[in-house]
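Structure, as structure tokens:
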Amino acid sequence: MGPQLIPEELGSCACLEVLSLANNQITGLPGSLATMHNLTKLNLSHNRIVHIPTCVYSMKGLVFLHLACNRLETIADQIQDLVNLKILIVEGNSIHTLPKTLCFLESLELLNVDFNDLQNVPMEMYLLNRLGRLACHPMDKGLHIIHNPLLKPIQEVLQGGLSALYNYLKPT
């Protein structure tokens, strides 16, 4: 089974609100999906995606974006375009850096970056005041950041919880 292709015609389903393409070995999405402005939930988990497809950044209505268990190494700066995003799940990828623009997503309530290659987090992370706490259980709101090669002192600071991290990151 080679990589699966998603039909261009899917983009004409303009009223669609929820789309799951999980577990399909897909590597990308056709640009035509950029017109899916009513989409609130998109599940692309367990695929072979290396870069978040450009069309995703046009889906301004997204509240939930699930990209766990892909092959992501970075998140583009355009992530800031998803102003309504409340839940972003990118666990189980190879992400080594988070863009500071991610920190402008003021609605973000759950950010899961477990099992990646993060060594540090953007200084602007304290702006994500809706995350509120370090999360332990999969469905918990907050920041999920276990199993990353975080550098000291962030690793030590995190033991004090999210408020300790935010205080550490905040410019004095």
* **Estimated [θ] at 222 nm from DSSP helical runs (n ≥ 4, -39500 (n - 2.57)) normalised by residues in the chain, nearest 500** => -2000 deg cm²/dmol
* Structure fact -> Under the 7 Å Cα-to-Cβ spin-label approximation, Ala22 and Arg133 lie apart by a distance in nanometres of 2.5
* **Charge dipole (debye, nearest 20) of the range 19-103; +1 at Cβ of Lys and Arg, -1 at Cβ of Asp and Glu** => 120
* To do: Go through Asp81, Asp114, Asp140 and list them by solvent-accessible area, largest first, probe radius 1.4 Å.
  => Asp81, Asp140, Asp114
* Asked: Using a 1.4 Å probe, what is the accessible area per residue for the chain, in Å²?
  -> 51
* Given C-alpha coordinates of the range 1-105, what is the ratio Rg to Rh with the Kirkwood estimate of Rh? -> 0.93
* Given the range 74-146, what whole percent of its Cα pairs are spread farther than 19 Å? -> 24
* **Karplus (6.51, -1.76, 1.60) ³J(HN,Hα), θ = phi - 60°, over the range 117-127, in Hz, Gly and Pro reported as x** => 10, 5, 9, 7, 10, x, 4, 6, 4, 5, 5
* Dipole of the chain, Cα-centred, from +1 at each Lys and Arg C-beta and -1 at each Asp and Glu C-beta, to the nearest 20 debye? -> 260
* With only Lys, Arg, Asp and Glu charged, each at its Cβ (+1 for the first two, -1 for the last two), find how big the charge dipole of the range 110-165 is about the Cα centre; round to the nearest 20 debye. => 160
* Asked: What is the distance, in nm, between label points placed 7 Å from the Cα along the Cα-to-Cβ direction at Glu106 and at Gln155?
  -> 3.6
* Structure fact -> Using the Kirkwood radius over Cα pairs of the range 1-49, the Stokes-Einstein translational diffusion coefficient at 10 °C and 1.306 mPa s, in µm²/s and rounded to a whole number, is 143
* In whole percent, how big is the carbon plus sulfur part of the accessible area of the range 20-172, probe 1.4 Å, protein atoms only? -> 51
* Asked: R0 = 30 Å: FRET efficiency of His96 with Cys13, Cβ-based, nearest 0.05?
  -> 0.30
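The values are calculated or read from the model by the stated rules, or taken from the named source; none is laboratory data. Quick caveat: nothing in here was measured; it's all calculated off a predicted structure. For neighbour counting, all protein chains shown are included, and Cβ atoms are generated from backbone atoms with ideal geometry for every residue, glycine included. Protein only, heavy atoms only, side chains kept; ligands, DNA and RNA dropped before computing areas. Shrake-Rupley method; radii C 1.70, N 1.55, O 1.52, S 1.80 Å.
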